[in-house]
Amino acid sequence: MLVEMKHITKRYGEVIANDDVSLALEENEILAIVGENGAGKTTIMKILYGLEHPDAGEIFIRGQKVLITSPRAAMAHHIGMVQQHFMLFDTLSAAENIVYQNEIRKGIFFDHKKTNQTVLELSQSYGLPIDPQAIVQQLPIGSQQRVEILKILYQQSQIIIFDEPSAVLTPLEVEELLKTMKQLKAMGKSLILITHKLQEVMDVADRVIVMRQGKVTFESKVTDTNVKELTYHMVKRHLNTRTLKPQNPGEVQLELKHISVYGNSAKKELDDISLCVRSFEIVGIAGVSGNGQSLLARVVSGLLDSDAGELFIKGQNLTHQSVHSIRQAGLSHVPDDRYLWGSAREATLGENALMGFEYRPDFTQKGILKSQKIKHLTNSLIDRYQIKADEWQQKMSQLSGGNAQKLVVGREFEQNSEVLLVNEPTRGIDIGAMEFIHQQLVEKRDNGCAILLISSDLNEIMTLSDRIIVLFEGRINATFVRGEADARQLGLYMVKRYEEIET
Amino acid sequence: MKKLKLEWLKAFRAPLIAVTIGLFFGGVVMAFSGTNPITGIIALLKGGYGSTYALVTTLTRATPILFAALAASLAWGSGYSSMGAGGQMVLGALVCAIIAPLVPGPGWLVCLVSIAAAVLTGMAWSLLSAYISERFATSLLIITLMCNYLADGIASYFTTYVFKDPFGVDASAIQTQKLTVGVLPKLIGTYSLHTGFLLALLAAVLLWFVSRKTRFGYQAKMNGLNVNFARYGGVPSVKMMLLTLLICGGIAGLGGAIEVLGTRLRYVDGMITSPGYAWSGIIASLMAGNHPIGAIISSIFLAGLTTGGATVERQLGVASEVTLIIQGIITLLITAQLVIKWKKGEKS
């Protein structure tokens, strides 16, 4: 065995990310780890790469027990990781990035000529073409990833971890990447691939491990299994356990007409999106992260101006309007990142709860805050949404992720808006909080709210949505009514253009 | 409730540690120049706060520092790293000194008009740097620093060539005409302390109220803590930036006017910049964690160091630069702590 991880447990506060996980990697194989968001795949690999430290468990490399305390220690054991977000200096050249921390010197100076030469040879020997002198930020994402891989190869890694490498790539780039991975294996490297795209697993991996809720739930040789079985193991427990009360959708509350965002590249980042959400319904937006979901959310909430198209809320044209006017028109928004957008960590719970309410006469009078009312609001949120908190003036940063998310969700739900934009409402929180938030969403729907739900968790989309829209490369790739498509079918539309599927 | 009080006490811990270490190194420097550090530090504190005369001098000096600190506390507390209080004070002071002799009528009217002119000047100067920073997406810190030099140059030019005191006995003095009407009344007998100090206290309380109890203050604070969160919640960020910096400019301009009307009674070239009022103000605000009421204490403390430094120089022959060293060390420690805090926050 090349690598063995035994009985690894890792907790973040009250959330168990890895619960007694054991896995092994053999010499010269590609091991795939699949699972939903929050299943613990990335955590277990971060532990192997020294970015996180386990609360319990041991790691063995070639039978020797090792302690990996930092990425530097991991590198010493010839372990490298291609992270989801590339660790590159955007303004430096490809070659400079690749040799970073192991620079080639001439005396005390950086030897540019030799560096470029070495990197060129490296890239040729692995068949990963790259221009050593190209500035990283000017390279397409696929090439940036190649730089990242070359950096790891330059560090002489034998074990290479890929964390969702295809999430950010175009289909053509994905093909290239899979080819590269096979080639690396042929050259004697051992690879671990974290992904939730099952087709990739079937294409390149030798063995596959399925994780769910922090545990390993299934393990098999790829030749002995299939996509259907893997899907079952990934999502089985709570798939469609929730039954939605049938409702007759009411009037159109939110409507997008031909919305486009051009972005910098030739490809439009959002391409001609038209959709509507009526009251008494949840419309789910499915897709692999990075296919336009976050842009869509920003356009609908007014944080980003669309380049073309129109936005209507309750019949009112709100194209090019401010966040404030869109909120006034009746939209509430649960953002995808509770700390980046959804809260101020150093502010109190009360201050975080007040956002969006600060113009209401209940909470301000002639511009002066009514602190008793704010206290009351915060405490009622704490009560109603079962938030574990000491008191309303403690800092947001003291809440656990799930409780912070409940506060953000609660604040937006309590605005009593008729239109709700809900983006990744349960990312990275425990099952209990997730169930609770789902329950609240369904209640909102049954009370007549029009809800646009964006989630990269397919299970969440299938459980909650009356209609499902699949976004792929910034376009609407498919539309389904609840129950019309299963996870496999949806998954297909999440990774391939419909033109390719339907011909 | 008990927990809250502890939190409140904690706010004092960091600045106290910084002050202690600063004084310690001040003592070391004194020891190098052959003075017993203990007697030296005691003399420094006594000279700063130990007698009516010392205290009154310190409070007078604290007045412009406090105005600068208030401007800084609003800007920095709202997430804008503005260094512009210096330039805004200089121009405020200059305009006040030019306008005041031109206003006919009783003292209170002269004060009112010249102060208003100074406030508007400070606002305009602040708005200029805010606009440049916003329009060209450049660092506000650098723009405001550059604007300070510019303001100082402008003030120098006008006092030297245009508004130079025509009645001055000393022709080499670069200053404007001395005011006779519209001077702020003194508070205690013939001591230097003037009503401007009370105005500064009032401004601090007012700013505390605005920043902690109003919608504007709430939005400004959220903007400072997490600008994305503020934008997400519908706070108009550009408008907030302009408004916040406008008020900062107004406070700084007011500070400049008060220094003219209360202490110098004219604009003297370098009267704001060479004592480093604006710098001390920014340090005072940082020490107080950008809290307006806390800034009162830290401003008085820093002013006292300077007053005491002068006394120590006279009595013990220790160069008054020792106070600069103490201030420098305090600044270093406070900013280092801010950086650490910021880094920690970024990590988690």
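The values are calculated or read from the model by the stated rules, or taken from the named source; none is laboratory data. Source: prediction; values computed, not measured. Methodologically, a virtual Cβ is constructed for each residue, glycine included, from the backbone with ideal geometry; neighbour enumeration extends over all protein chains shown. Side chains are part of the model used for accessible areas, which takes the heavy atoms of the whole protein and leaves out ligands, DNA and RNA. Shrake-Rupley method; radii C 1.70, N 1.55, O 1.52, S 1.80 Å.
Tabulated data for the structure shown
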quantity	calculated
Size of the B/A contact, given as accessible area buried on both chains, probe 1.4 Å, in Å²	2400
Sum of -39500 (n - 2.57) over DSSP H runs of 4+, divided by residues of chain B (222 nm, nearest 500)	-25000 deg cm²/dmol
Degrees separating the helix A:141-154 axis from the principal Cα axis of chain A, which is the longest one	40
Packing rank of A:74-83, B:204-213, where each peptide gets the mean count of other beta carbons within 10 Å, highest leading	A:74-83, B:204-213
With all protein chains modelled, accessible area of A:Trp392 [1.4 Å, Å²]	40
Between the stretch A:383-415 and the stretch A:328-378, the Cα center-to-center distance that results, in Å	12
Extension reserve of the A:Phe110-A:Asn226 stretch, reckoned as 0.36 nm per residue once the Cα distance is removed	36.7 nm
Spatially proximal aspartates and glutamates relative to B:Lys213 (Cα-Cα < 17 Å; intrachain offsets below 8 disregarded)	A:Glu351, A:Glu358, A:Asp362
Under 12 Å from A:Lys46, Cα to Cα: aspartates and glutamates that are on another chain or at least 8 residues apart	A:Asp163
Label-reachable residues, the stretch A:333-367, where backbone N falls under 19 Å from a point 7 Å from A:Gln321's Cα toward its Cβ	A:333-334, A:356-361
Carbon and sulfur %, accessible surface of the stretch B:63-275 computed with the full protein complex present, 1.4 Å	70
Where labels lie 7 Å past Cα in the beta-carbon direction, separation of B:Val238 and B:Leu150 in nm	2.0
Distance in nm between pseudo-label sites at A:Ala56 and A:Ser397 (7 Å out along the Cβ direction from Cα)	3.1
Taking chain A and dividing mean pair separation by its residue count, relative contact order in percent (alpha carbons under 8 Å, at least six apart)	15
Distance in nm between pseudo-label sites at B:Arg314 and A:His85 (7 Å out along the Cβ direction from Cα)	5.8
Protein-protein interface of the stretch B:217-242, residues with accessible area decrease of at least 20 Å², isolated chain reference, 1.4 Å probe	B:Tyr218, B:Gln219, B:Lys221, B:Met222, B:Leu225, B:Asn226, B:Asn228, B:Phe229, B:Arg231, B:Tyr232, B:Gly233, B:Gly234
Loop sites in the stretch A:35-142: trypsin sites (Lys or Arg not before Pro), DSSP, at most 16 other Cβ within 10 Å	A:Arg62
Separation of alpha-carbon centers, the stretch A:86-136 and the stretch B:216-258, rounded to whole Å	45
Shielding by partners, peptide A:149-162 (average Cβ within 10 angstrom, other chains)	0
For chain B, built as a Gaussian network whose Cα springs stay under 10 Å, the top-fluctuating residue of B:Thr138, B:Thr195, B:Thr263	B:Thr138
Efficiency of FRET from Cβ geometry, A:Asp19 and A:Met187, R₀ 45 Å, rounded to 0.05	0.80
Heavy atoms of B:Met123: accessible area, 1.4 Å probe, square angstrom to 10	50
Accessible area per residue in Å² at 1.4 Å probe, computed on chain A	43
Accessible carbon and sulfur surface of chain A relative to its total accessible area, %, 1.4 Å	48
Members of the stretch A:344-379 that become less accessible by 30 Å² or more once partner protein chains are added (1.4 angstrom probe, chain alone as reference)	A:Ala344, A:Arg345, A:Glu346, A:Glu351, A:Met355, A:Glu358, A:Tyr359, A:Gly367, A:Ile368, A:Leu369
Computed over chain B: relative contact order in percent, which uses C-alpha pairs under 8 Å that are six or more apart	34
Exceeding the 23 Å Cα-Cα cut-off - candidates A:Lys114/A:Lys179; A:Lys197/A:Lys221; A:Lys10/A:Lys189; A:Lys185/A:Lys267	A:Lys114/A:Lys179; A:Lys10/A:Lys189; A:Lys185/A:Lys267
Average accessible area per residue (Å²) across the stretch B:63-275 - probe 1.4 Å, nucleic acids and ligands excluded	41
Potential extension, B:Arg135-B:Val162 segment - 0.36 nm per residue separation minus Cα distance	6.4 nm
Tensor-based shape of the stretch B:32-133 (alpha-carbon gyration tensor, a/c under 1.5 rounded, otherwise prolate or oblate)	oblate
Qualifying lysines (Cα of each under 26 Å from Cα of B:Lys178; at least 8 residues distant if same chain)	B:Lys164, B:Lys186
Theoretical FRET efficiency, 1/(1+(r/R0)^6), r = Cβ-Cβ of A:Lys496 and A:Glu103, R0 60 Å, to 0.05	0.90
Gyration tensor (alpha-carbon) shape descriptor, the protein assembly as shown, a/c threshold 1.5	prolate
Fraction of beta bridges assigned by DSSP in the protein assembly as shown that are antiparallel (%, nearest 5)	60
